[in-house]
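A short worksheet on the structure shown next.
Values quoted throughout were computed directly from the atomic coordinates according to the rules given, and no laboratory measurement underlies them. No experiment lies behind these values; they were computed from the predicted model shown. All Cβ positions, even for glycine, are placed from backbone atoms using ideal geometry, and neighbour counts span all protein chains on display.
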Amino acid sequence: MPEGHTIHRLAARHAELFAGDKVTASSPQGRFTEGAALISGTVLDRTEAYGKHLLHHHADERTLHVHLGLYGRFTDGDGEPPVPVGQIRLRLASDRHWLELRGPTACELLTPPEVAALRGRLGPDPLRADADPDRAYARIRRSATPLAALLLDQSVVAGTGLIFVTEALFRAGLRPTVPGRQLTPVGWAALWADLVALMTLAVARGRIDTVRDGHLPEAMGRPARVDRHGGEVYVYRRDGAPCHVCGSPVSRGGLAGRNLYWCPTCQP
Ligand SMILES: [Zn+2]
C-alpha cells in the first residue's frame, strides 16, 4: 500500500494539473457515475493529502475522497483523454489535462461534516504543517501496545506505513515490540522529528531512503538495493541480510498480520 508521501505527491500533482480549472468528471466503469455527475462541470479549488487519504475540494463544498488501498492507482496526461481501457472508476479532464483512477478502496463524495469526521478519525500526519505530535503521544504513552502497532494505527499517526515505521524504529534503536508506554517524551520528540525528516525526503525523491550517508552503497562498497520498493533502507524486507551498522542478520517477525523487521543488536 502506498505510504503517505505518495499521497502528498499526488495531491501536489493534481493541484498542478487542475487547481482553479473547471473539470468534467465521469466513471467509465459505472461504479461512481452519480458522484462524478455531481462534481462534473465544477471548479477544482484545491487538493489536500491527510495521511493516506486524498481530498479534492471542489466548488459548492463538494469534496472527492480517495483512498487507494492496496490496488488503487492514478494515471494522468496532457490533452485529450485516451480511449477508456480497463476498470476506470473516475476520469477527470480539463481543457489541458486528464486523470484516471483505477482500483481504489474508496472513491466517494464527502460533505463538510463528513470531511471533519474523517480528519477527526486520523492522528497527526508528519507531512502536514498543522500536525500536533502531542496528540499522538497522548495515545502512545498510555498504551501497552507494541510501538510498531501504534505507529501503524492511522488514528495514532496518519500516513506512516510499514517502511517508515520499521525504519524509524531502527534509526531510533527501539525494538518494534517495545510497549508504547515505555517511550519517553524525549524519545517521542526524536522519533517524530525523524518521521518528519524521512517522509519529507521521500516526498522530494518519490521513494523511501532511510540510510545515513555512511551506510550508502558507495560509502560501504556494497551493491545497491534491487527490488520493487527501490529505496536504500536498513531493515525493511532485509531479513537474514547483514545489518548495515553491526553486521548481525536482520530479524523478521509477525505483528497483527504484518511482517516486522529489526536488528536484534541495534534494537535491543
Ligand atoms: Zn545492527
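As a proxy for reagent exposure, Lys22, Lys52 were ordered by neighbouring Cβ count within 10 angstrom, fewest first; the result is Lys22, Lys52. Please compute the Kirkwood hydrodynamic radius over segment 133-262, one decimal place, Å, based on all pairs of different Cα atoms. In segment 133-262 this quantity evaluates to 15.1 Å. Packing order of peptides 27-36, 150-159, 259-268, highest average first: 150-159, 259-268, 27-36 (average count of other Cβ atoms within 10 Å over each peptide's residues). Give the angle, between 0 and 90 degrees and rounded to the nearest 10, that separates the Cα long axis of helix 4-18 from the longest principal axis of the Cα atoms of the chain. That helix lies at roughly 30 degrees to the long axis. The angle separating the long axis of helix 112-121 from the principal Cα axis of greatest extent in the chain is about 10 degrees. Rounded to the nearest 500, the 222 nm mean residue ellipticity of the chain from helices alone is -9000 deg cm²/dmol, with -39,500 (n - 2.57) taken per DSSP H run of at least 4 residues.
Normalised by residue count, segment 193-268 yields a Cα convex hull volume of 122 Å³ per residue. Principal axis analysis of the Cα atoms in the chain yields extents of 58, 42, 29 Å, listed in decreasing size.
Could you estimate the translational diffusion coefficient of segment 4-121 from the Stokes-Einstein equation, with Rh from the Kirkwood formula over C-alpha pairs, at 25 °C and 0.890 mPa s, in whole µm²/s? So the translational diffusion coefficient is about 175 µm²/s. Of the peptides 108-120, 169-181, the order by per-residue mean of other Cβ atoms within 10 Å, starting with the highest, comes out as 169-181, 108-120. The distance separating the Cα centre of segment 204-250 from that of segment 30-104 comes to 35 Å.
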